[in-house]
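Visitor: If you scroll down you'll find the structure; I have some questions about it.
The values are calculated or read from the model by the stated rules, or taken from the named source; none is laboratory data. Computed from a prediction, not measured in an experiment: that's the story for all the values here. Methodologically, a virtual Cβ is constructed for each residue, glycine included, from the backbone with ideal geometry; neighbour enumeration extends over all protein chains shown. SASA here: full protein model, heavy atoms, side chains in, ligands and nucleic acids out. Shrake-Rupley method; radii C 1.70, N 1.55, O 1.52, S 1.80 Å.
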Amino acid sequence: MADIRKRIGVLTSGGDCPGLNAVLSGLVRAAAGFGYETLGFHEGFEGLLGEGRFEVLTPESTQGIMQQGGTILGTTNKGHFVAKVRGGTSTRVPSSAIEQAIATRDRLGLQGLVVIGGDGSLTTAQQLWEAGIPIIGVPKTIDNDLDATSTTFGFDSATACVTEALDRLHTTARSHKRLLVVEVMGRHAGWIALHGGMAGGADIILIPEIAFDLDKVARTVRKRDAEGHPSTLLVVAEGAKPRDGKEQVQAKGSGEYKLGGIGELVAREIARRTHKETRTCVLGHLQRGGAPTAVDRILGTRFGVKAAELVKEGQFGQMVSYQNEEVGAVPILAAIHRLRTVPPLSPVVKAARAVGISFGD
Ligand code: F6P
């Protein structure tokens with residue numbers, strides 16, 4: 001490898017998300033401008049283990065990736081560096097994994113390590129920073145649930161996917177006079193359901209932050225029928241729960257719970273109460289795949305450029321953050337101490353109610 005005096009590393013960790021490649025493209029270009037070579041580690045933190053698995057990223061090798069979905073580096077939300085388990089409880093990354101990451105950093109002479117990740121990955125990043133690795137965090141998640149940043153790239157693309165799906169589902173629901181229940185992602189936050197549901201003209205939106213009453217949801221469906229609207233589009237966030245009910249968990253692995261199943265439950269219970277023909281559609285990973293929207297390409301690029309600036313300025317332990325139209329920085333700790341969920345009295349929820357959308361409460 002060439003004799004480089006300044007070198008940084010970057011990795012993408014956790015669930016993939018449209019806009020990750022835009023961050024990489026922005027980072028590599030800005031870092032090269034500051035005289036840094038960038039090493040891209042494969043499969044998240046796992047690439048730091050042993051001899052290290054990485055490739056040199058250059059402005060030439062990353063040409064044209066900005067508009068691609070996924071991540072050219074690969075990623076994982078499992079492995080040796082998991083720092084959030086079950087419903088989001090923090091845990092310590094084993095010291096053997098942290099020691100290997102430190103050794104890789106020392107051997108390659110990394111002057112900074114940029115970690116692009118969500119809540120769980122940034123919790124790992126904070127532990128590596130506390131262990132002495134110069135970390136810069138970049139917030140990533142379609143769920144939009146990170147505190148200390150008003151939005152994350154990926155959210156707009158996921159919302160656009162839900163909107164397009166609802167536009168399609170409207171026509172078939174109307175033709176058959178059915179209730180269509182659409183389950184969307186978001187983990188413990190209802191941002192995707194709220195924004196996607198509003199933009200796609202949902203009649204009922206159920207989110208984790210507002211416990212719903214199945215009888216009231218059924219009443220809304222019946223009322224719509226009586227008022228001459230025989231089809232209903234209901235969007236339910238995967239983490240939503242009925243009053244006195246629990247989140248629907250599909251699988252429990254080594255990391256966080258895998259949510260899923262609330263769509264089927266709601267469809268079954270409302271069909272039982274209304275005798276209405278009902279279908280369920282789980283959008284799943286469609287929301288994470290595909291090319292990023294223009295908003296996410298620009299936000300991702302700006303985040304990558306800011307991360308390079310933070311490395312140059314030596315502002316480690318910081319995370320890139322978006323507030324009031326500005327890209328700035330906050331301590332990583334500020335972003336991971338709690339999830340940013342939908343305030344039940346937020347102006348968006350109020351506007352949704354004002355146009356007649358029911359939250360089932
Ligand atoms: O955090 C992003 C997210 O897409 C969540 O909305 C969803 O619950 C989860 O990841 C799905 O993870 P996996 O790709 O492991 O199924």
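Each row is one residue, and each column tells you yes or no for (1) within 15 Å of the ligand (Cβ to nearest atom); (2) within 18 Å of the chain's Cα centre (by Cα); (3) at pLDDT below 95.
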{"position": "Asn77", "(1), (2), (3)": "yes, yes, yes"}
{"position": "Val82", "(1), (2), (3)": "yes, yes, yes"}
{"position": "Thr91", "(1), (2), (3)": "no, no, yes"}
{"position": "Ser95", "(1), (2), (3)": "no, no, no"}
{"position": "Asp106", "(1), (2), (3)": "no, no, no"}
{"position": "Leu110", "(1), (2), (3)": "no, no, no"}
{"position": "Ala125", "(1), (2), (3)": "no, yes, no"}
{"position": "Asp143", "(1), (2), (3)": "yes, yes, no"}
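Visitor: Could I ask something else about it? Within the set of pairs 6 or more residues apart or between chains, which connect a residue that is surrounded by 15 or more Cβ atoms within 10 Å (Cβ to Cβ) inside segment 308-328 to a residue that is modelled with pLDDT under 95 and not in a loop (DSSP other than H, G, I, E, B) with Cβ atoms less than 6 Å apart?
Guide: Every condition considered, the pairs that remain are Met319/Ala335.
Visitor: Of all residues in segment 337-361, how many are under 28 Å from Thr89 (Cα atoms) and open to solvent by 20 Å² or more (accessible area, probe 1.4 Å)?
Guide: Of the residues in that region, 8 qualify.
Visitor: Can you give me the number of residues within segment 202-222 that are in a loop (DSSP other than H, G, I, E, B) and either among the polar types (S, T, N, Q) or within 18 Å of Lys350 (Cα to Cα) (or both)?
Guide: Total satisfying the criteria: 7.
Visitor: Right, Gly263: within 15 Å of the chain's Cα centre (by Cα), open to solvent by less than 50 Å² (accessible area, probe 1.4 Å) and more than 8 Å from the ligand (Cβ to nearest atom) or not?
Guide: No; evaluated as a whole, the condition is false for this residue.
Visitor: Quick check on segment 168-201: of everything there that is within 16 Å of the ligand (Cβ to nearest atom) and in a loop (DSSP other than H, G, I, E, B), which residue is nearest to the chain's Cα centre (by Cα)?
Guide: Gly186
Visitor: Which of the residues that make up segment 112-123 are within 13 Å of the ligand (Cβ to nearest atom) and either polar (S, T, N, Q) or assigned to a strand (DSSP E or B) (or both)?
Guide: Answer for segment 112-123, where residues must be within 13 Å of the ligand (Cβ to nearest atom) and either polar (S, T, N, Q) or assigned to a strand (DSSP E or B) (or both): Gly117, Ser121.
Visitor: Is one or more of the residues making up segment 49-67 within 16 Å of the ligand (Cβ to nearest atom), open to solvent by 10 Å² or more (accessible area, probe 1.4 Å), touching a residue at least 40 places away in the same chain (Cβ under 8 Å) and in contact with an Asp or Glu (Cβ under 9 Å, 6 or more places away or on another chain)?
Guide: no
Visitor: Then there is this: Can you name the residue in segment 145-156 that is away from the ligand (no atom under 12 Å from the Cβ) and hydroxyl-bearing (Ser, Thr, Tyr) and is also surrounded by the most Cβ atoms within 10 Å (Cβ to Cβ) among such residues?
Guide: Thr149
Visitor: How many of the residues in segment 250-260 are more than 10 Å from the ligand (Cβ to nearest atom) and open to solvent by less than 60 Å² (accessible area, probe 1.4 Å)?
Guide: 0
Visitor: Go through segment 266-288 and give me each residue that's more than 11 Å from the ligand (Cβ to nearest atom), closer than 30 Å to Thr124 by Cβ and of a type in the set (Gly, Ala, Ser).
Guide: If the condition is that a residue be more than 11 Å from the ligand (Cβ to nearest atom), closer than 30 Å to Thr124 by Cβ and of a type in the set (Gly, Ala, Ser), then no residue fits.
Visitor: Tell me the strands (runs of 3 or more DSSP E) entirely within segment 223-306 that contain at least 2 residues that are more than 18 Å from Leu180 (Cβ to Cβ).
Guide: 249-252, 257-259
Visitor: Oh, and also: Look at segment 88-105 and say how many of its residues are open to solvent by 40 Å² or more (accessible area, probe 1.4 Å) and either within 26 Å of Lys258 (Cβ to Cβ) or among the hydroxyl-bearing types (Ser, Thr, Tyr) (or both).
Guide: Total meeting the criteria: 7.
Visitor: Give the residues of segment 307-323 that are hydrophobic (A, V, I, L, M, F, W, C) and either assigned to a helix (DSSP H, G or I) or touching a Ser or Thr at 6+ places or on another chain (Cβ under 9 Å) (or both), sorted by residue number.
Guide: Ala307, Ala308, Leu310, Val311, Met319, Val320
Visitor: Checking Glu37 against (1) open to solvent by less than 10 Å² (accessible area, probe 1.4 Å); (2) away from the ligand (no atom under 16 Å from the Cβ), which test does it fail?
Guide: Against the list (1) open to solvent by less than 10 Å² (accessible area, probe 1.4 Å); (2) away from the ligand (no atom under 16 Å from the Cβ), Glu37 comes up short only on (1).
Visitor: Right, Leu234: open to solvent by less than 50 Å² (accessible area, probe 1.4 Å) and more than 16 Å from the ligand (Cβ to nearest atom) or not?
Guide: So Leu234 passes the test.
Let's see how each residue does on (1) outside the structural domain of Arg105 (by TED's automatic domain parsing); (2) among the small types (Gly, Ala, Ser); (3) free of Cβ contacts under 8 Å to residues at least 24 places away in the same chain:
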| position | (1), (2), (3) |
| --- | --- |
| Gly137 | no, yes, no |
| Leu146 | no, no, no |
| Thr163 | yes, no, no |
| Asp167 | yes, no, no |
| His176 | yes, no, no |
| Met185 | yes, no, no |
| Ala189 | yes, yes, no |
| His195 | yes, no, no |
| Ala199 | yes, yes, no |
